[in-house]
């Protein structure tokens, strides 16, 4: 991608009304654009990052037997009434359509996936089953002020599993938990498992939290036994497992998993025919992971005073090639290096802008945060080399072309 043709441009300052660090940097660097509080457009650079996060998720969820589907965002009122969440979920967006029909925009998809899977699962031979989607969700958040971390419209991977009994549900729960740890590690995040309440989904759940001083949540951390709890579960400052004193750390939630058991299958009379020909309840698990929240969390923990520092696995490009050409000869050579890198399979953002100073190019490169910066100039070409610098490090090297 030639930067002279890139749809967006960097900004010197973030919008005055944006208080979250992740949104400030993402907007300034041209990754997202804010339409209104909690609602963002993903621009070319940001969409590249989001897609890479999504693909990592797909690979790991496919590996534990998840099959990808895509469900409607719009669902009928009666499904939500069946589970008690039409009036019980306070962040639900409700709307009225033709013929006085009432609908909800998907805050989550239990009310859609359960009747869907029920059409195909009749016997013990059909279980276990697991389906997932990656889709935008809609929640009427009262305080959408944390950029990509708390949106009114946001990207979500939701996986739903269906089982013969609680033991099989528990076994799959552990598999997905391990897959989540792999996903976050591949995205460059050190996410810890935290015990939490289950909200409208279940009595208890497990969150995956990334510790950072910029986090929204308070997590009680035990340095002795390694158990962590969300503040909503805490009744004592001492660890309930080992009795040691705990410290409170700020954290960002990037995933949440629930043992739904029969909470959403029972309202729809979702049963299966067991081996003894008796009808039994289907047990469910629910596993949420926000690609957009992951993107925001990566920025919150991976930045410096100059801009973002993307992990190689999710960076919009592998290399930021910066041309400091002041003559047609150097410009032609920079073009040749760009083409050679592309042919070698590298993803390259090529700053070929002729009317921008070297200082401004370097500032933009730091702000955008691509892992490696390659600089081509008359000086480097004297040694048939490019200057290579890794983002976040001071050291530079001259590397032969």
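Normalised by the number of residues in the chain, the mean separation of alpha-carbon contacts (under 8 Å, six or more apart) gives a relative contact order of 16 percent.
Across all Cα atoms of the chain, the radius of gyration (one decimal) and Dmax (whole number) stand at 24.5, 83 Å.
Across region 186-294, the relative contact order, built from alpha-carbon pairs under 8 Å that are at least six residues apart, equals 25 percent. Once the Cα-Cα distance is subtracted from the 0.36 nm per residue extended length, the residue 346 to residue 55 segment shows a gain of 103.0 nm.
Packing here is the average count of other Cβ atoms within 10 Å per residue, and on that basis the peptides 11-20, 159-168, 177-186, 290-299, highest first, run 290-299, 159-168, 177-186, 11-20.
Volume per residue of the convex hull around the Cα atoms, evaluated for region 1-130, comes out as 184 Å³. Placing pseudo-labels 7 Å out from each Cα toward the beta carbon at residue 11 and residue 91 gives an inter-label distance of 2.5 nm. Region 81-158 and region 214-285 have their alpha-carbon centroids 20 Å apart. Remark: 319, 193 ranked as 193, 319, counting other beta-carbon atoms within 10 Å and listing the fewest first. For region 319-400, the Kirkwood hydrodynamic radius from C-alpha pairs, put into Stokes-Einstein at 10 °C and a viscosity of 1.306 mPa s, yields a diffusion coefficient of 125 µm² per second. Computed from the alpha carbon atoms alone, the convex hull of region 72-125 holds 96 Å³ per residue. When DSSP assigns beta bridges and you keep just the ones with both residues in the chain, what percent turn out antiparallel, to the nearest 5? The antiparallel fraction comes to roughly 85 percent. Modelled spin labels at residue 278 and residue 327, positioned 7 Å past Cα toward Cβ, are 8.9 nm from each other.
Stokes-Einstein diffusion for region 116-210 at 20 °C, viscosity 1.002 mPa s, with a Kirkwood radius from C-alpha pairs, works out to 136 µm²/s. In the chain, the calculated helix contribution to ellipticity at 222 nm averages -8500 deg cm²/dmol per residue, counting -39,500 (n - 2.57) for every DSSP H run with n ≥ 4. What's the angle, to the nearest 10 degrees (0 to 90), between helix 166-186's Cα axis and the longest principal axis of the chain? Between the helix axis and the principal axis of the chain, the angle is about 10 degrees. Compared with the dominant Cα axis of the chain, that is its longest principal axis, helix 291-301 is turned about 50°.
Between residue 231 and residue 358, the FRET efficiency from the beta-carbon distance, with R0 = 60 Å, is close to 0.80. FRET efficiency for the pair residue 175 and residue 100, taken as 1/(1 + (r/R0)^6) with r the Cβ-Cβ distance and R0 = 51 Å, rounds to 0.70. One chain, two ends: residue 269 and residue 67. Fully extended at 0.36 nm per residue, the span grows by 70.3 nm beyond their Cα-Cα distance.
Relative to the dominant Cα principal axis of the chain, helix 358-368 is inclined by about 10°. Compared with the direct C-alpha span, the chain from residue 35 to residue 203 gains 56.9 nm at full extension, assuming 0.36 nm per residue. If you run the Gaussian network model on the chain, springs between alpha carbon atoms under 10 Å, then out of 343, 246, 143 the most flexible one is 343. Per residue, the average separation of C-alpha pairs within less than 8 Å and at least 6 apart gives region 202-256 a relative contact order of 51 percent.
The simple Förster model, with R0 at 22 Å and r as the Cβ-Cβ distance, assigns residue 122 and residue 78 a FRET efficiency of 0.45. Build a GNM of the chain with springs between Cα atoms under 10 Å apart, and of 275, 129, 347 the one that fluctuates most is 275.
FYI, it's all coordinate maths here, none of it is from the lab. As the structure is a computational prediction, the values presented were derived from the model and not from experiment. No Cβ is skipped: glycine too gets one built from the backbone with ideal geometry, and neighbour counts run over all protein chains shown.
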